[in-house]
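> Below is the structure I would like to discuss, written out as structure tokens.
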Amino acid sequence: MPNRRVAIQQLLIIWAGAALLPSCLHNEEKVSIPLTLIHIDPADENMLASLTETILPKTDSPGARELAAHLFALKMVDVCYTKENQEKYIRGMKDFETWVLKKTGKTFSEISDSEKQSLVGELDKQQPSNEGISFFYQSTKRLTIQAYTTCEYYLTKIRGYKMIPGRFQGCVPLKTA
């Protein structure tokens, strides 16, 4: 009888360990925000964050990475773009990374800030031969600027946004037109 109890206890311990072991060893990195229609990996997200930071770098005001402009861009592509444009954007992202790898021998996230600035300057000056790279870069640039100009920091600190359009001043006479 005691041998059977010990055997059952050991079997339960082994079963629990076997059930928990895959969850302990499973270390799949995920993207920071849930995306439903597009699928990217953390390396793509990091590259996009580096690109948005190159477009709007940190100065005395926060940069695009601090304001999560890359996450805004990903969410907008995921929710607002058509299926064809989503595929074109993702293809352009992969082509952009390949283009950078051919030019520098490193990924966009690994190169120095001066190299990033020169590559972005090159894309701004001339259209690349690959239409996907152009679509990806122009879309990312537009979405980065949109993310910055609609963020709380910009609206409260730079633009001086007020919730109410103006004050009511009852003692001020109206001017006739």
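The values are calculated or read from the model by the stated rules, or taken from the named source; none is laboratory data. For clarity, every value in this text was computed on a predicted model and none was experimentally measured. As a convention, Cβ positions derive from the backbone with ideal geometry for all residues, glycine included, and neighbour counts pool all protein chains shown.
> Could you please tell me which pairs satisfy a Cβ distance under 9 Å, a separation of 6+ or placement on different chains, a first residue in the range 1-19 that is in a helix (DSSP H, G or I) and at pLDDT 75 or above, and a second residue that is surrounded by 10 or more Cβ atoms within 10 Å (Cβ to Cβ) and not polar (S, T, N, Q)?
Sorted first by the residue in the range 1-19, then by its partner, the list stays empty.
> Considering 160, 170, which residue is surrounded by fewer than 16 Cβ atoms within 10 Å (Cβ to Cβ), at pLDDT below 90, at positive phi and over 19 Å from the mean Cα position of the chain (by Cα)?
Result of the check over 160, 170: 160.
> Can you tell me which of 132, 160, 121, 92 is assigned to a loop (DSSP other than H, G, I, E, B) and not aliphatic (A, V, I, L, M)?
Checking each option against the conditions leaves just 160.
> Just to verify a result, which residue in the range 130-157, among those that are crowded, with 19+ Cβ neighbours inside 10 Å and among the aliphatic types (A, V, I, L, M), is nearest to residue 81 (Cα to Cα)?
143
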